[in-house]
Amino acid sequence: MKIVFNYKYFKRKFKHAEEAKRLIHYIVQQEKKKLGEINVIFTSNENILEINKAYLSHNYYTDVITFGSNYKDYISGDIYISIDQVINNSERYKTQRVEELFRVIIHGVLHLVGYDDIRTMDKSSMKEKEEVYLKTLSNKMKLDSDELVL
């Protein structure tokens, strides 16, 4: 039904928000689910660490934390994304920042539709899905810039 982008600690907006919304709709449809309300919150390392400690009892930075709920086939939830970690990941894995941000968005949506990445086998399956949807994204749009504009 609706996808909202929120910017905690950021004043500028995500340049590719409309493309991200279309991709989220596509993933939900492909995974045979229905869209409820999804909030994507762009935040900092410090904020994601606070969330990780408070809700998951983890004392480390992460790129994405997802809180979801499903009612029948409708998915809803919040996807918290650390822009600091996205930038770190892009440097570590030698990828474009915007590609890494889309990868993390995809990862969060996959959690909402029911994928998990605790076990090694599940991580592998989730990684394969990420690659499929990233490829779909690159076939549908040209990311003309590596700028995140946040």
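Odds and ends about this structure:
- Flagged links, alpha-carbon separation over 18 Å, of Lys13/Lys127; Lys13/Lys53; Lys21/Lys135; Lys15/Lys123; Lys33/Lys72; Lys21/Lys94: Lys13/Lys127; Lys13/Lys53; Lys15/Lys123; Lys21/Lys94
- Each Lys or Arg adds one and each Asp or Glu subtracts one; over the other residues with Cβ under 15 Å from the Cβ of Ser82, this totals -2.
- Label point distance in nm, Thr136-Tyr9, each placed 7 Å from Cα along Cα→Cβ: 3.1
- Normalised by the number of residues in region 1-102, the mean separation of alpha-carbon contacts (under 8 Å, six or more apart) gives a relative contact order of 26 percent.
- Antiparallel content of DSSP bridges confined to region 2-140, in %, to 5: 35
- One chain, two ends: Asn45 and Ser124. Fully extended at 0.36 nm per residue, the span grows by 25.9 nm beyond their Cα-Cα distance.
- Spin-label model, Glu18 to Lys94: label points 7 Å out along the Cα-to-beta-carbon direction sit 3.5 nm apart.
- Virtual spin-label span in nm between Tyr26 and Leu56, 7 Å along Cα→Cβ: 2.6
- Burial ordering of Leu23, Leu35, Leu101, fewest other beta-carbon atoms within 10 Å first: Leu35, Leu23, Leu101
- Here is what passes the span test in the chain: the DSSP H helices with alpha carbon length of 20 Å or more along the helix axis and a Kyte-Doolittle mean of 0.5 or above are 97-113.
Only the coordinates and a few stated rules stand behind these numbers; no lab work does. Keep in mind that this is a model prediction, so the values were computed, not measured. All Cβ positions, glycine included, derive from the backbone under ideal geometry; neighbour counts span all protein chains shown.
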